[in-house]
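Visitor: Could you have a look at this structure, given as structure tokens, before my questions?
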Amino acid sequence: MSDPAWTRDSAGFGANQQLSHKVAAYVREGIMVGQLPAGQFLRTESLAADLNVSATPVREALMILQSEGSVRWEPRRGFRVVSVSDQDVRDLFQVQAFIAGELAARAAEELDPSAVTGLRELQGQLEDAADRGNVTAVDAVNHEIHRRINKASSSPRLAALLNQTVQYVPLRFFGTIDGWSQASAHDHSAVFDALDARDGDAARKAMSDHIVHIGDLLVMHLQSR
């Protein structure tokens, strides 16, 4: 469970977010990719030591996860990891696909040609990073592409709803899930073409298909474990 790079980098815990939420995100991702398997008990002291934090934010994080249904409290035993089914993962990404698709459709009405050109330039950087196997750069550029599209939708509340679902996506494991880098590098062309054509329906479908594809790859990863 220990992640030295994570514990060394205090910036991993942004000052604008409570430590307990950061710990919850870390544990949640481990559950989503099967690193923390169903049935395993999560010990507060062990997690605190692994993450180099005090026990208090860990306890708070486990309470957050219990409210979500990711863990279950068992008296005198502690918090036990709840199983994540293939359908759970597909449901999560279907919701994301619906919201992200709608944001892309709205962005198609707002983005001018120069903005789409900028997205294509970012895509070139993403593909280059993917070819070099630099998954950190792929993740960063991919995030920027989606951020620009979502911002262009001029729908901040809808984008905020999307962000609430994205917290369940195990981005910390981006480089370990087969196909994610390649999907980020190659699924965007249809989105950009639709944005260029100002075709909202096509943008909605292309973005939705992309998110569903990402979810299918995560399901395959979980099945392989």
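Visitor: Rounded, prolate or oblate: which fits the range 86-225, taking a ≥ b ≥ c as square roots of the Cα gyration tensor eigenvalues, rounded meaning a/c under 1.5, else prolate when a/b beats b/c?
Guide: Judged from the Cα gyration tensor, the range 86-225 comes out oblate (a/c at least 1.5, b/c at or above a/b).
Visitor: Taking the Cβ of A190 as the center, what net charge do the other residues with Cβ under 14 Å away carry, scoring Lys and Arg +1 and Asp and Glu -1?
Guide: -3
Visitor: Can I ask one more? Find out how many positive minus negative residues lie around G78, taking Lys and Arg as positive, Asp and Glu as negative, among other residues whose Cβ is under 14 Å from that of G78.
Guide: For residues surrounding G78, the net value is +4.
Visitor: Then there's this: Report, in debye and to the nearest 20, how large the dipole of the chain comes out about its Cα centre when Lys and Arg carry +1 and Asp and Glu carry -1 on their Cβ.
Guide: 1000
Visitor: Enter the Cα centre distance for the pair the range 77-108 and the range 20-56, rounded to the nearest angstrom.
Guide: Cα centroid to Cα centroid, the span is 20 Å.
Visitor: Modelling each spin label as a point 7 Å along the Cα-to-Cβ direction, I'd like the A160/Q223 distance in nm, to one decimal.
Guide: Going by the 7 Å Cα→Cβ label model, 3.8 nm.
Visitor: On full extension of the chain, what length is gained from D128 through R80, given 0.36 nm per residue of separation minus the C-alpha to C-alpha distance?
Guide: Computed gain between D128 and R80 is 13.1 nm.
Only the coordinates and a few stated rules stand behind these numbers; no lab work does. The structure presented is a predicted model; accordingly, all values stated were derived computationally and were not measured. In this analysis, Cβ positions are derived from the backbone assuming ideal geometry, glycine residues included, and neighbour counts consider all displayed protein chains.
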